[in-house]
């Protein structure tokens, strides 16, 4: 069972309050050679329920970083973080709606979370004193909305009308916050809170992790409000009103407040020092990320979710949820019932992140162990276990912007993210030789050709899938992996993955579903590729001019 029961929440709260560093999981007994058994032992440690989904700033992610650092130390790697440690702290804050947020209209008070939910651009705390309310029209039909003059200085209430299918949806309506007509509004209030499931409400109210604690002092706050609050603010049902119609007056406070995270979020950095005096100041970086997305506040039945995702969401979070049709519902029921025959229902709320990216993290540990016991290559190997990938590649961005070795001394980077699956059950075209490759030849054609040559020499070579590397690909994989933050500094960089699956960003991404033998093959390939590059008599040739590392990423 992995439901955060009341006692578990009390325990977690007590851990925070104690201000004592949580202990890392006990190290697994491992062998020198890269093996499926060692990968399994390591992954069951860091993807355990006790890690609570390894969200940066929380105890589980802190413990995961401690475990990785303890392994680097055990293997004799040099610490390459800050102040002689293995750690580089990434200065996260939690940007969340201020607890004092509320609205008051018609003698009724509407509280944060129940009737009001702030989202969008973090704004400074604002007072509303008898502010005028205006009905602005439908958020999903801006052509019929009000003018900038009508919105200026007012609280603008927008509702969401049903689409052609008769369904109201929040998809795309958050963009109204950027509508120039509302730039001078006091508050943009969208009647959409009733459309959000409880878990999504809780996630938004909990806030988002960021390294930018600045709050916008001029942008209008944006909120989802309940139909009850909307009727009080307008004095009538929105559907009965014409855009531009005056509502009541409203008072209250709205805005965000940055808070310090409970535990430091850290990159873990170590060096296997090269053997060549002339080249040991250059590095081949091997990277993965140690964070995931925490836990849900509303548990679900594990097997029912897997059955639903198997049919409706084959790529997990990258497949939009929708109601099943009759044929799909029958398939879901059949899958669920077959699992019910094996075990009773089990509630689940922890997003363990076994594949994403526990798999890459334990892979670089296995590689480090194999390399530390053998003759060191000519160049040094730089191991970087990033935090904050799920927050927008924040840890890798922080490391490359504040690198603990000279950035231009990194001759290449290989990132592994989600290398534990890739079976035919996960993707129709997948199987033992499936490997997605993104970015390999964008900075250096030679780098990509070296990877291909090393792969061809493997006992069972992978078949490189370059589909997701295509410029303009809608899934934007090139911009969604930590390798990009190295490539933007014109470092040859590649992202390896065995693909998405029904458990991507779900509570079902657990160690029991990993393909350990094939993950070991990925690890051996990356090990061999890193050694080949580290032993070259030259750096991989760069084919493109250096650009602005802070320019927007282009797929």
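Residue 194 is checked against (1) at pLDDT below 90; (2) surrounded by fewer than 16 Cβ atoms within 10 Å (Cβ to Cβ) and fails just one. What number does that condition carry? Looking at each condition in turn, residue 194 falls short on (1).
A quick yes/no check of all residues on (1) in contact with a helix residue (DSSP H, G or I) (Cβ under 6 Å, 6 or more places away or on another chain); (2) more than 17 Å from residue 387 (Cβ to Cβ):
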site	(1), (2)
288	yes, no
291	yes, no
294	no, no
315	no, yes
326	no, yes
350	yes, yes
356	no, no
366	yes, yes
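When residue 387 is tested against (1) touching a strand residue (DSSP E or B) at 6+ places or on another chain (Cβ under 9 Å); (2) modelled with pLDDT under 95, only condition (2) is not met.
Checking each residue in the stretch 468-480 for being out of contact with any helix residue (DSSP H, G or I) (no Cβ under 9 Å at 6 or more places or on another chain) and under 19 Å from residue 421 (Cβ atoms) picks out only 480. Just so you know, in the stretch 215-227 the residues that are more than 19 Å from residue 138 (Cβ to Cβ) and touching a residue at least 60 places away in the same chain (Cβ under 8 Å) include one that is surrounded by the most Cβ atoms within 10 Å (Cβ to Cβ), and it is 221. Taking the stretch 239-313 as the region of interest, the strands (runs of 3 or more DSSP E) fully inside it that hold 3 or more residues being under 30 Å from residue 74 (Cα atoms) are 265-272, 283-289. Of all residues assigned to the stretch 229-238, none qualifies as being part of a strand (DSSP E or B) and in contact with a helix residue (DSSP H, G or I) (Cβ under 8 Å, 6 or more places away or on another chain).
Inside the stretch 188-214, residues that are out of contact with any helix residue (DSSP H, G or I) (no Cβ under 9 Å at 6 or more places or on another chain) and not in a loop (DSSP other than H, G, I, E, B) make up a count of 10. Would you confirm whether any residue within the stretch 437-451 is touching a strand residue (DSSP E or B) at 6+ places or on another chain (Cβ under 8 Å), within 30 Å of residue 41 (Cβ to Cβ) and surrounded by fewer than 21 Cβ atoms within 10 Å (Cβ to Cβ)? No.
Being part of a strand (DSSP E or B) and on the phi > 0 side of the Ramachandran plot is the filter here, so list the residues in the stretch 105-134 that pass it. Selection gives 130 alone.
Exactly one residue among 185, 177, 143 is assigned to a helix (DSSP H, G or I) and in contact with a strand residue (DSSP E or B) (Cβ under 6 Å, 6 or more places away or on another chain), and that residue is 177. Within the stretch 401-436, being within 20 Å of the chain's Cα centre (by Cα) and surrounded by fewer than 19 Cβ atoms within 10 Å (Cβ to Cβ) holds for one residue alone: 401.
The values are calculated or read from the model by the stated rules, or taken from the named source; none is laboratory data. Note that the coordinates shown come from a computational prediction; the quantities given were computed from them, not determined experimentally. Note that we place each Cβ from the backbone using ideal geometry, even for glycine, and neighbour counts take in every protein chain shown.
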